[in-house]
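See below for the structure under consideration.
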Amino acid sequence: MAVKYTAEQRAAIEKQNADILVSAAAGSGKTAVLTERILSRLAAGTANIDDFLCLTFTEAAAAEMREKIYNSIAEYTESNPDDTFMHEQLKRLRKSNISTIDSFIGSVVKQNCHLIDADPNYRIITEGEVLRLQFDTLDELFKAKYAEKNKAFFFADRTVLSAHRRQAA
Ligand SMILES: Nc1ncnc2c1ncn2[C@@H]1O[C@H](COP(=O)(O)OP(=O)(O)OP(=O)(O)O)[C@@H](O)[C@H]1O
Ligand SMILES: [Mg+2]
């Protein structure tokens, strides 16, 4: 059943050629408004779904937004079965940029690895790996400094190292 949007929601859906910031309470219809805003642009034929960049904070929110956009385009095509442009949008949804901020930034870095001389097969390390890396680096540094009998390190507080060891365990 079609939602009857409030006047404020309508304004956020229809406003064009301006930056818009929508701040509203949880569950008040932000995603619904954004979905409707995208649908109205698609229905007008002025943009393809993969022209949009939709970023969220969590994977769950990205999946929810993708699903809502899919459902809204699918519902539209059911009422307008001859609209080939909108059928095309359903196919394009697969390659659209609806994701978390980190996943989008990651894809930009991967596509431009050659510009920053980075390995395109890089991955983000896990929290456990971060701790291990910190511990190993500190361990190596202390060992090297003890070996060269560096006084500053010889008397360094060992609790730093043992705290790290506890965290990494
Ligand atoms: N004007 C309206 N009339 C009736 N239902 C509405 C209206 N606006 C939104 N809704 C419904 O309210 C529910 C919550 O909307 P939505 O998920 O878009 O909110 P949200 O602000 O994005 O929530 P969250 O803060 O959890 O992300 C949805 O089922 C949506 O269809
Ligand atoms: Mg939402």
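The values are calculated or read from the model by the stated rules, or taken from the named source; none is laboratory data. None of these values were measured; they are calculated from a predicted model. Cβ atoms come from the backbone with ideal geometry, glycine included; neighbour counts cover every protein chain shown.
Is region 138-154 home to any residue that is under 30 Å from Thr31 (Cα atoms) and loosely packed, with under 10 Cβ neighbours inside 10 Å? Let's see the steps before the verdict.
Keep residues of region 138-154 that are under 30 Å from Thr31 (Cα atoms), which gives none.
Looking for residues that are under 30 Å from Thr31 (Cα atoms) and loosely packed, with under 10 Cβ neighbours inside 10 Å, one finds none in region 138-154, hence no.
Which members of region 33-56 meet the condition of being over 19 Å from the mean Cα position of the chain (by Cα) and either within 16 Å of ligand 2 (Cβ to nearest atom) or not assigned by TED's automatic domain parsing to the domain that holds Ser107 (or both)?
Val33, Glu36, Arg37, Leu39
Just to be sure before I move on: is Thr137 part of a helix (DSSP H, G or I), closer than 30 Å to Gln16 by Cβ, over 26 Å from the mean Cα position of the chain (by Cα) and of a type in the set (S, T, N, Q) in the structure I sent? Before you say what the answer is, go through the steps one by one.
Values: part of a helix (DSSP H, G or I): yes; closer than 30 Å to Gln16 by Cβ: no; over 26 Å from the mean Cα position of the chain (by Cα): yes; of a type in the set (S, T, N, Q): yes.
No: the conditions fail for Thr137.
Please enumerate the residues belonging to region 21-70 that are surrounded by 12 or more Cβ atoms within 10 Å (Cβ to Cβ), without any contact (Cβ under 8 Å) to a residue 24 or more places away in the chain and more than 12 Å from ligand 1 (Cβ to nearest atom).
Hits for region 21-70 are Arg41, Ala47, Asp51, Ala63, Tyr70.
Inside region 4-20, can you point out the residues that are near ligand 1 (Cβ under 9 Å from one of its atoms) and at pLDDT below 95?
Within region 4-20, Lys4 is the sole residue that qualifies.
Restricting to helices (runs of 4 or more DSSP H) lying wholly in region 28-109: which have 3 or more residues that are more than 27 Å from Thr6 (Cα to Cα) and at pLDDT 95 or above?
Values: elements: 30-43, 59-79, 84-92.
Here the list reads 84-92.
Of the numbered conditions (1) out of contact with any Gly (no Cβ under 8 Å at 6 or more places or on another chain); (2) of a type outside the set (Asp, Glu); (3) at pLDDT below 90, Gln134 satisfies every one except a single condition; which is it?
The failed condition is (3).
Could you go through region 83-92 and let me know if any residue there is within 23 Å of the chain's Cα centre (by Cα), surrounded by 12 or more Cβ atoms within 10 Å (Cβ to Cβ) and under 25 Å from Ile105 (Cβ atoms). Please lay out each step first, then the result.
If we filter region 83-92 for residues that are within 23 Å of the chain's Cα centre (by Cα), which is where we start, we get 89-92.
Retained after the next criterion (residues that are surrounded by 12 or more Cβ atoms within 10 Å (Cβ to Cβ)): 89-90, 92.
Checking which are under 25 Å from Ile105 (Cβ atoms) leaves us with 92.
For region 83-92, residues within 23 Å of the chain's Cα centre (by Cα), surrounded by 12 or more Cβ atoms within 10 Å (Cβ to Cβ) and under 25 Å from Ile105 (Cβ atoms): present.
Between a residue in region 77-90 that is more than 14 Å from Ser40 (Cα to Cα) and any residue that is assigned to a loop (DSSP other than H, G, I, E, B), which pairs come within a Cβ distance under 8 Å, given they are 6 or more apart or on different chains?
Glu88/Asn48
Of all residues in region 96-149, count the ones that are among the charged types (D, E, K, R) and within 30 Å of Thr35 (Cα to Cα). Walk me through it before giving the result.
Step one: list which residues in region 96-149 are among the charged types (D, E, K, R), which gives 102, 110, 117, 119, 123, 127, 129, 132, 136, 139-140, 143, 145, 148-149.
Adding the requirement that they be within 30 Å of Thr35 (Cα to Cα) leaves 102, 110.
Here the count works out to 2.
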